[in-house]
Amino acid sequence: MTYLSGLGLGLSLIVAIGAQNVFVLRQGLRREHVGLVVLICALSDAVLIAAGVAGVGAAIASVPWLITAARWAGAAFLAVYAVLAARRALSPQGETLEAGEAPVPTAASARAVAATCLALTWLNPHVYLDTVVLLGTVSSTHDPRWMFAAGAITGSILWFAGLGYGARLLSGVLARPGAWRVLDGAIAIVMAVLAVSLAAGA
């Protein structure tokens, strides 16, 4: 029961439209370094959840300026990402994705994807609030609390794997460059709204 409680709460927190999920979805649609992205997101969540259960959440909550600093850093990064997505939407590169097609990955693009994924994860204050603070606090009400943490971590793995690898089911819709312009336009809007939201709450 404790495991299922962690699984349920973990999924309820992570299954929301956010910068990280939008990035995972886009990489899944492009079929580019999906395994790397899923691994980074799931492993990051596991580390943060474990930290929260270990009591780090209480320490962070006692130093409010850390959250504020994270908000501003996250807002700045999301604003830059929104501009880049808007530029892709306004000046398309002819990007398409046919069913069964997969881009050829390169070492440089892998590093860039990993860096972006890490930034979207670790510069997002909501990640800390959801995993370290909230899940860490709730875990203290369950026994054993590490079983609760295991459930939450499982939820994270299932979600990111499903989002990243399940996105390819939409590849047929993205067979035209125009569809990618719409997607990048939507990404730009989501990122901009999130940046403003973070800045307003800082």
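Here's the yes/no breakdown for (1) in a loop (DSSP other than H, G, I, E, B); (2) at pLDDT 75 or above:
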position: Ala102; (1), (2): yes, no
position: Pro105; (1), (2): yes, no
position: Thr121; (1), (2): no, yes
position: Tyr128; (1), (2): no, yes
position: Val138; (1), (2): no, no
position: Ala150; (1), (2): no, yes
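Looking only at the range 1-59, count every residue that is charged (D, E, K, R), part of a helix (DSSP H, G or I) and at pLDDT below 90 and tell me the total.
2
In the range 85-100, which residues are under 21 Å from Gly185 (Cβ atoms) and modelled with pLDDT under 80?
Listed by number, the residues that qualify are Ala85, Arg88, Ala89, Ser91, Pro92, Gln93, Gly94, Glu95, Thr96, Leu97.
What are the residues in the range 32-55 that are out of contact with any Phe, Trp or Tyr (no Cβ under 9 Å at 6 or more places or on another chain), of a type outside the set (A, V, I, L, M) and surrounded by fewer than 22 Cβ atoms within 10 Å (Cβ to Cβ), if any?
Scanning the range 32-55 gives Glu32, Gly55.
Give just the number: which of (1) within 15 Å of Met191 (Cβ to Cβ); (2) modelled with pLDDT of 85 or more does Phe77 not satisfy?
Going through the list (1) within 15 Å of Met191 (Cβ to Cβ); (2) modelled with pLDDT of 85 or more, Phe77 breaks only (2).
Is it the case that some residue within the range 162-181 is closer than 30 Å to Ala199 by Cα, modelled with pLDDT of 90 or more and part of a helix (DSSP H, G or I)?
Yes, the range 162-181 contains a residue that is closer than 30 Å to Ala199 by Cα, modelled with pLDDT of 90 or more and part of a helix (DSSP H, G or I).
Could you tell me whether Thr154 is under 17 Å from Thr2 (Cα atoms) and either assigned to a helix (DSSP H, G or I) or without any contact (Cβ under 8 Å) to a residue 40 or more places away in the chain (or both)?
Considered against the rule, which asks whether it is under 17 Å from Thr2 (Cα atoms) and either assigned to a helix (DSSP H, G or I) or without any contact (Cβ under 8 Å) to a residue 40 or more places away in the chain (or both), Thr154 comes out as yes.
The values are calculated or read from the model by the stated rules, or taken from the named source; none is laboratory data. No experiment lies behind these values; they were computed from the predicted model shown. Ideal geometry is used to build each Cβ from the backbone, glycine not excepted, and the neighbour counts take in all protein chains shown.
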